[in-house]
1. Give me the 1.4 Å probe accessible area per residue for the chain, excluding ligands and nucleic acids, in Å².
2. Report, to the nearest 10°, how far helix 2-79 tilts away from the longest principal axis of the Cα atoms in the chain, using its own Cα long axis and a range of 0 to 90°.
3. Kindly provide the helix-only [θ] at 222 nm of the chain, computed as the sum of -39,500 (n - 2.57) over DSSP H runs of four or more divided by all residues, to the nearest 500 deg cm²/dmol?
4. Take ALA41 and ARG71, extend 7 Å from each Cα along the Cα→Cβ direction, and tell me the distance between the two endpoints in nm.
5. In whole percent, how big is the carbon plus sulfur part of the accessible area of the chain, probe 1.4 Å, protein atoms only?
6. Of PRO81, MET31, ALA50, which is farthest along the charge dipole of the chain in the positive direction, counting Lys and Arg as +1 and Asp and Glu as -1 at C-beta?
7. Any idea how far the Cα center of region 52-81 sits from the one of region 1-29, in Å?
8. Given a 10 angstrom Cα cut-off, can you work out which residue in VAL22, VAL60, VAL12 is the most mobile in a GNM of the chain?
Amino acid sequence: MDFARLYSAAEVVAPVLVFVGVVLHRWQTGMRDAWKEEAAAWAAKAERQAEELVELRQEVRELRRENAELRAQVAQLLARP
């Protein structure tokens, strides 16, 4: 009789355990995929920002060069009698 009860319990518990295992696996896979997508988005954002930083540095160099030329012109104008 004890064997029959154990077998009945196993018939109920085994599918539940399989179901829980499948659900956990899908959840874990979904989380991994979500994190991969998030990491890819952050990497793309970082790359865009790095490109923008290079452009901004070039623009600052050009503005500094232009500023130096304008200061020289102002100094010449102020030096005239």
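1. 98 Å²
2. 0 degrees
3. Value at 222 nm, helices only, nearest 500: -37000 deg cm²/dmol.
4. The modelled label-to-label distance comes out at 4.5 nm.
5. 63 percent
6. After comparing all options, I get PRO81.
7. Here the answer is 76 Å between Cα centres.
8. VAL12
The values are calculated or read from the model by the stated rules, or taken from the named source; none is laboratory data. If you're wondering where the values come from, they're calculated on a predicted model, not measured in any experiment. A quick note on method: Cβ atoms are made from the backbone with ideal geometry, for glycine too, and the neighbour counts reach across all protein chains shown. Side chains included, ligands, DNA and RNA excluded: accessible areas come from the protein's heavy atoms. Shrake-Rupley method; radii C 1.70, N 1.55, O 1.52, S 1.80 Å.
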